[in-house]
Amino acid sequence: MISESIGVNASGNLTVGGADCVELAKKFGTPLYVFDENLIRKTCRDFKASIDEYYNSNGQVLYASKAFSCKEMYRIVQSEGLGCDVVSGGELYTALAAGFDAKNIFFHGNNKTPDEIEYALHSGVGRIVVDNLTELETINRIAEQLKVKAEVVLRIKPGIDAHTHDYIRTGQIDSKFGFALENGEAFEAVNMALKFDFIELKGFHCHIASQVCETRPFKEAAEVMMKFMQDIREKYSVTLCELNLGGGFGVKYVETDEQLPFDLFMKETSEVLKKCASDLNYPVPKIFIEPGRSIVGPAGVTLYTVGNVKTIKDVRTYVSIDGGMGDNPRYALYQAEYTVEIANKASEPKNFIATVAGKCCESGDLIQENAPMQTPEVGDILAVLTTGAYNYSMASNYNRIARPMAVMVKDGDARIIVKRETYEDIIRNDI
Ligand code: LLP
């Protein structure tokens, strides 16, 4: 199986974290997001342990909460000793409402509004990750009004190419995020940050891409960033000792994907960082990483009910489910690959090929094309695996379809963590 959360029980049904998917669907209805708490916790611990082992505990893991943001998720990651990154007032609000310690929150975004900046400073977030010069000025102005010193890091584009989908690459010069190195923007930003009275520059951030399945780009980024920090030291006589390498660790969606072992990432990246530090006679910086997908993606499964099976002779078979791009837009957006199982036939061979179609009034509303699966029939429970990240968090109400419920499974028992939306929720803000 592609995730350690997944299994097949004696009844031949698919299980997630030990819970029978068919029973879950019966009890909670479909579509249903199911998460395995034990795997989420284990991954948090693995990331932390790798920093402790290879980097002498000189670092912090921040959960990139854009992958899956809800109160219970913030509670879980905080209880595992992680900080988090948020990219909007809404994510910040959710984290704080869950009792997240503000000083362990990093606030991101390429167009933070003045209101969001004020909210972040007022809440006492640990760091603001600054994207552009306008934002830097705004932070300084609002910090002055609030009589606080804003602790910031600057987001740098290290100019590294990672092999992933174009829409989820961010480290190259034409990305909308951060300051470029090649054209001097990054130096200008440092210069400005050092002059502002209400800004305290702590270090730098970079994030190359998401769903990266090799260590090379991370190591290259680490090297580029260390050299940049040395250049800054020479030019401005400041030694900045925080380096955030972002997230982006790839996970397994289909059997042919190769998941990057987190351990290997930290081992190899820390070797590069320590060597650069020693060559440059620079202190080894405190490292931050921001995994999102890898913490929650493999721990999630979405369950649907098959409503009809439509075979177009000599063309293809559509299996229509009671959800679709509203709860998982990733195939429509990125042609993302997924593994599909018929949960009530999980022990049978996957000798049927079909296209999983959603219920939106849109031809592109597909979850997967030509996917191998067990023979589908009306009423079956269809499971899409590795949907913990960027599914619920990217869900919409297109066609006024209510968003699904999310349940968290622990040791075989499930509890609701996000209620199912109702028709009443759908019209809540209509006048
Ligand atoms: N840090 C920063 C600054 C980021 O921009 C991101 C992701 C992360 C951390 C977390 O990356 P992760 O570990 O989750 O790969 N919606 C897309 C992914 C967008 C990622 C955006 N930034 C998808 O569904 O594939």
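Relative to the longest principal axis of the Cα atoms of the chain, helix 133-146 runs at roughly 80 degrees.
Taking amide H as placed 1.01 Å from N in the peptide plane, the amide H of A389 sits under 5 Å from that of G297, each at least 5 places away or on another chain. Cα centroid separation, the stretch 83-100 to the stretch 324-397: 30 Å. Each peptide in 47-58, 86-97 was scored by the mean count of other Cβ atoms within 10 Å over its residues; highest first, the order is 86-97, 47-58.
With all pairs of separate Cα atoms included, the chain yields a Kirkwood hydrodynamic radius of 22.7 Å.
Only alpha carbons enter this Debye calculation for the stretch 38-294, each as an equal point scatterer, and the log10 of I(q)/I(0) it gives at q = 0.09, 0.15, 0.16 Å⁻¹ is -0.36, -1.08, -1.24. Here the simple spin-label model places points 7 Å from the Cα toward Cβ, and for Q335 and K267 these points are separated by 3.5 nm. Rounded to the nearest 10 degrees, what's the angle between the helix 216-236 long axis and the longest principal axis of the chain, both from Cα atoms, 0 to 90? That helix lies at roughly 20 degrees to the long axis. What would the Debye equation give as log₁₀ I(q)/I(0) for the stretch 209-251 at q = 0.18, 0.19, 0.23 Å⁻¹, counting only Cα atoms as equal point scatterers? Evaluating at q = 0.18, 0.19, 0.23 Å⁻¹ gives log10 I(q)/I(0) of -0.58, -0.62, -0.77. Solvent-free Debye calculation, one equal scatterer per alpha-carbon of the stretch 1-134: log10 I(q)/I(0) at 0.12, 0.13 Å⁻¹ equals -0.60, -0.68. Given H placed on each backbone N at 1.01 Å, which residues far from V130 in sequence or on other chains put an amide H within less than 5 Å of it? Counting only residues 5 or more places away or on other chains, the set is V153, L154, R155.
Laboratory data are not the source of any read-out in this text; all were calculated from the coordinates shown. Bear in mind the structure is a predicted one, so any value in this text is a computation, not a measurement. Positions of Cβ are generated from backbone atoms using ideal geometry, with glycine treated the same way; all protein chains shown enter the neighbour counts.
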